[in-house]
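Heads up, the thing below is written out as structure tokens.
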Amino acid sequence: PQLVIEGNVNNSTGAVVSITQSVQFSNSNTFPTVSGAVVFITDNFGATFTLPETTPGNYTNENLVGVAGNTYNLSVTLDNKEYTATSVMPAQVYIDTLLFEQIIFGDETVWIVKPQYTDPAGFGDYYKFIEKINGVRFPGTWVWDDNFTNNGISTRPLIQSDSTINIGDTVEIEMQCIDKNIFRYFTTLTEVQENSTTPANPDSNISGGVLGYFSAHTSQRKKAAVK
């Protein structure tokens, strides 16, 4: 088993770091939690935030609400070994509206969501999207850059082959503005999930030989009903 660290700082809620152990690829996705770590996060202004263990394997600090443009440094010490990571929180980009459309996917007609937003000038913006249907999270995520939408309006669709969206459903989309390292991590993770015959671990931005990631990102959620 390898140590898995997943840390998140955003601009709307407190910071959370979860620590677990990996399991073999063929096993079920039940990951043993890891207790007893010393976890803290610092920013580029010298502030230090301690994250105590609030539930087994979860370390939180509700007072650490991130600010766009700030740099955040993670430190996790466990069994006399330190693991560190750095992430810069990008500027906020806002969803203007959620558009719904029916498309032909294979032999079926499915509903898709198209979050509409305006990408700022200059390349190097990265996005991650999470979808909930009637409060239930879709297990996958979408990540992309602004190579095709730079300084323009994006309505790129969140396509899923097994979509369960129907008329009357309420769909919530969370849009995260992420840094380049996190974009690379989730892009690789998606490729691994889609090609599970050759499993590999995505590159972590955490030093010390662990799995996982540390992300400082902005977050916005928008809901709409399918009519």
Here the percent of antiparallel bridges among DSSP beta bridges lying wholly in the chain, to the nearest 5, is 90
Nearest-0.05 FRET efficiency for residue 70 and residue 103 at R0 = 35 Å, using Cβ-Cβ distance, is 0.30
With -39,500 (n - 2.57) per DSSP H segment of 4 or more residues and division by the full residue count of the chain, the 222 nm estimate, nearest 500 deg cm²/dmol, is -2000 deg cm²/dmol
Taking r as the C-beta separation of residue 81 and residue 150 and R0 as 35 Å, the FRET efficiency to the nearest 0.05 is 0.25
About its Cα centre, region 118-227 carries a charge dipole, from +1 on Lys and Arg Cβ atoms and -1 on Asp and Glu Cβ atoms, whose size in debye to the nearest 20 is 340
One would report the Cα pair-distance distribution of region 1-126, bin width 5 Å, in %, as 2, 9, 15, 15, 12, 12, 12, 12, 7, 3, 1, 0
In units of 2.2 N^0.38 Å, the Cα radius of gyration of the chain is 1.07
Per the rule of 0.36 nm per residue minus the C-alpha distance, extending residue 123 to residue 55 adds in nm 20.5 nm
For the chain, the longest principal axis of the Cα atoms and the Cα long axis of helix 180-194 enclose an angle in degrees, to the nearest 10, of 70
Whole-percent carbon and sulfur contribution to the accessible surface of region 1-110 (1.4 Å, no ligands, DNA or RNA) stands at 50
Here the alpha-carbon Rg of region 63-171 over 2.2 N^0.38 Å rounds to 1.38
Residue by residue through region 219-227, the couplings from Karplus 6.51 cos²θ - 1.76 cosθ + 1.60 with θ = phi - 60°, in Hz, x for Gly and Pro, are 9, 9, 10, 9, 10, 7, 9, 7, 10
Averaged per residue, the 1.4 Å probe accessible area of region 109-227, protein heavy atoms only, in Å², is roughly 48
Simple SL model, points at 7 angstrom along Cα→Cβ for residue 203 and residue 38; separation in nm is 3.1
Measure of exposure for residue 67: accessible area at 1.4 Å probe, Å² rounded to 10, is 80
Under the 7 Å Cα-to-Cβ spin-label approximation, residue 169 and residue 47 lie apart by a distance in nanometres of 3.9
Karplus-derived 3J(HN,Hα) from phi for region 110-118 (6.51 cos²θ - 1.76 cosθ + 1.60, θ = phi - 60°), whole Hz, x at Gly and Pro, runs 10, 8, 10, 10, 10, x, 9, 8, 10
Answer in debye to the nearest 20: the dipole magnitude of the chain about its Cα centre, from +1 Lys/Arg and -1 Asp/Glu charges placed on Cβ, is 260
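The values are calculated or read from the model by the stated rules, or taken from the named source; none is laboratory data. Owing to the predicted nature of the structure, the values given are computational and were not obtained by experimental measurement. So basically every Cβ, Gly included, is an ideal-geometry build from the backbone, and we count neighbours across all protein chains shown. Protein only, heavy atoms only, side chains kept; ligands, DNA and RNA dropped before computing areas. Shrake-Rupley method; radii C 1.70, N 1.55, O 1.52, S 1.80 Å.
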